[in-house]
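The values are calculated or read from the model by the stated rules, or taken from the named source; none is laboratory data. All values reported here derive from a predicted model rather than from experimental measurement. Heads up, the Cβs are rebuilt from the backbone with ideal geometry, glycines too, and the neighbour counts pull from every protein chain shown. For accessibility, only protein heavy atoms count, side chains too; no ligands or nucleic acids. Shrake-Rupley method; radii C 1.70, N 1.55, O 1.52, S 1.80 Å.
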Amino acid sequence: MSQITACLFDLDGVLVDTAVYHYKAWRDLANSLGIEFTEEDNERLKGVSRVRSLEIILEIGNQTLEQEKMLALCEQKNTEYLKDVAQMTPAEILPGVVDFLKALKQEGILIALGSASKNAQLILERTGLLGYFDAIIDGRHVINGKPDPEVFLKGAEALGVQPENCVVFEDAVAGVEAAKNAGMLCVGVGEPETLALADIVVKDMTEMSVAKLRELEK
């Protein structure tokens, strides 16, 4: 097994908890279209792009819209979401994240973000996490959404690291698939039943350490 020299992190649900803001904004938009949108429905939106998220909502409501209207609605959703994001603080960093990022830095392991969010840099700034990252690849830098491996392959390229030397941290099925499609190891963050394709699964970053990371090299 190759030595691990880089860790790539998804954002929402792995480093910070913005899921409630996404759900609220999508639910309000869906309701405006006469579509009932539940928390269970919201699970299908994890890790996918803004446009694809709207497509899923329209599928749930058995509706279709022209591309121009869809793009306008995506912007509307993002405007509402950003109102909440602007109020974020370090208190919304998930448990164990800061300690693990500090440990990676001390070990000399490179750190990148690989997220579908186009607001990733703003969120990292608001929560005080930006300084830990050696590279940020987000929705502004990729064409193909997860499970396509583009976001993680670009992250590895930005760090100057080969895919086999990378570990991805993901909470979404599409993200785990993207990591495996990139030829990378993957730590699932969440439920083992849901993230069965991951190499290991932890409930959150309090269960991670550099020693546990090194076990993946064996």
By accessible area with a 1.4 Å probe, ligands and nucleic acids excluded, highest first: order of HIS22, HIS141: HIS141, HIS22
Share antiparallel - DSSP beta bridges, the chain, percent rounded to 5: 5 percent
Distance (nanometres) between label positions extended 7 Å along Cα→Cβ at GLN76 and GLU193: 3.7 nm
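May I ask you to derive the FRET efficiency for GLN87 and GLU55 from their Cβ-Cβ distance with R0 = 30 Å, giving the value to the nearest 0.05?
Using R0 = 30 Å, I get an efficiency of 0.55.
How large, in percent, is the carbon and sulfur part of the accessible surface of the chain at a probe radius of 1.4 Å?
48 percent
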Computed accessible area, ARG50, all protein chains, 1.4 angstrom probe, square angstrom: 50 Å²
Helical mean residue ellipticity (222 nm; -39500 (n - 2.57) per DSSP H run of 4+; nearest 500) of the chain: -12500 deg cm²/dmol
Largest-first principal axis extents of the Cα set of the range 1-44 (Å): 52, 18, 13
Extension gain (nm, one decimal) between ASP148 and LEU130, 0.36 nm per residue minus Cα-Cα: 4.0 nm
Rg/Rg_globular for the range 30-73, with Rg_globular taken as 2.2 N^0.38 Å and Rg from C-alpha atoms: 1.08
Along each principal axis, Cα extent of the range 1-141, largest first, Å: 51, 35, 26
Relative contact order (%) - criterion: Cα under 8 Å, at least six apart; region: the chain: 27 percent
Residue with peak Gaussian network fluctuation, the chain [Cα springs, cutoff 10 Å], from ALA178, ALA198, ALA30: ALA30
With all protein chains modelled, accessible area of LEU73 [1.4 Å, Å²]: 10 Å²
R0 of 45 Å, Cβ-Cβ distance LEU65-LEU216: FRET efficiency to nearest 0.05: 0.55
Heavy atoms of LEU216 accessible to a 1.4 Å probe, total area in Å² rounded to 10: 20 Å²
Kirkwood-based shape ratio for the range 84-215, expressed as Rg/Rh from alpha carbons: 0.93
Count of Lys pairs (Cα-Cα under 19 Å; at least 8 positions apart or interchain) in the chain: 21
Candidates GLY139, GLY188, GLY108: whichever shows maximal mean-square fluctuation once the chain is modelled as a Gaussian network with Cα springs under 10 Å: GLY108
Two-site label geometry, SER209 and LYS102: point separation in nm, points 7 Å out along Cα→Cβ: 1.5 nm
